[in-house]
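Note sheet for the following structure.
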Amino acid sequence: LQAERRTIPGETVAIVERELRELVDNAGAGDDDFSAEVRALASREPFEVAEGEAIVQMVRRRATHVLGAEPEIVGVPFWADSALLAGVGIPTVLFGPRGEGAHAEVEWVGIADLESCVEIYLAVAAELCS
């Protein structure tokens with residue numbers, strides 16, 4: 001059995017491996033024929049950015065101006081390259097258009113949302129470069 005277990009901020013690979021070993025040990029308790037090994041094949045750091053960070057406030061301010069309402073700050077269950085960027089000290093935030101079907105046969109975003117995002121991205125880039 002191979003499974004993907006993503007980490008959340010504050011967790012380490014060691015914590016996850018320990019958690020999985022406990023599950024496997026409990027599953028095999030009392031069964032002499034049960035055999036299992038737990039090992040991480042790969043890992044990626046989770047991404048989290050504080051709401052007070054300058055990049056978050058900048059995107060929020062520019063998005064509020066373009067959208068006419070303050071965007072909601074939420075967590076997401078997927079992994080993105082943002083963790084790699086933040087890991088090397090690049091201020092990072094995830095922000096994009098609404099849509100559905102990420103990596104599916106039918107994947108889409110709304111054109112109006114995409115146009116708004118372009119305007120927001122340009123405004124943030126201009127502010128960052130000023």
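At a probe radius of 1.4 Å, what is the per-residue accessible area of residue 43, in Å² to the nearest 10?
80
Taking θ = phi - 60°, what integer Hz values does the Karplus form 6.51 cos²θ - 1.76 cosθ + 1.60 yield along the range 59-74, in sequence order, with x for Gly and Pro?
5, 4, 5, 5, 5, 4, 5, 6, 8, x, 7, 6, x, 6, 9, 9
Along the range 12-24, what does the Karplus equation 6.51 cos²θ - 1.76 cosθ + 1.60 (θ = phi - 60°) give for ³J(HN,Hα), rounded to whole Hz, x for Gly and Pro?
So the J values, rounded to whole Hz, are 10, 4, 4, 5, 5, 4, 4, 4, 5, 4, 4, 4, 5.
In terms of the Cα gyration tensor, with a ≥ b ≥ c the square roots of its eigenvalues, is the chain rounded because a/c is under 1.5, prolate because a/b exceeds b/c, or oblate? If you can, show how the numbers build up before the last one.
On the way: a/c = 3.44, a/b = 2.25, b/c = 1.53.
Here the chain falls in the prolate category.
Check each of the GluC sites (Glu not before Pro) in the range 38-130 and keep only those in coil by DSSP with at most 12 other C-beta atoms within 10 angstrom; list them in order. Intermediate results must be reported in sequence, preceding the final value.
Details: sites: 48, 51, 53, 72, 100, 105, 107, 115, 119, 127; in loops: 48, 51, 53, 72, 105, 107.
Passing sites in the range 38-130 are 48, 51, 72, 105, 107.
Short version: ³J(HN,Hα) in whole Hz for each residue of the range 47-56, in order, from phi by Karplus 6.51 cos²θ - 1.76 cosθ + 1.60 (θ = phi - 60°), x for Gly and Pro, what are they?
With coefficients 6.51, -1.76 and 1.60, one gets 10, 8, 10, 5, 4, x, 4, 4, 5, 5 Hz.
Rounded to the nearest whole Å², what accessible area per residue is found for the chain with the 1.4 Å probe? Don't skip to the answer; put the middle values down first.
Details: 10140 Å² over 130 residues.
Per residue, the chain has 78 Å² of solvent-accessible surface.
Using Cα atoms only, what is the angle between the long axis of helix 111-129 and the major principal axis of the chain, expressed in degrees (0 to 90) to the nearest 10?
80
The values are calculated or read from the model by the stated rules, or taken from the named source; none is laboratory data. None of the values given here were measured: they were computed from a predicted structure. Glycine gets a Cβ as well: all are built from the backbone with ideal geometry, and neighbour counts include every protein chain shown. To get the accessible areas, we keep the full protein, side chains included, count just its heavy atoms, and leave off ligands, DNA and RNA. Shrake-Rupley method; radii C 1.70, N 1.55, O 1.52, S 1.80 Å.
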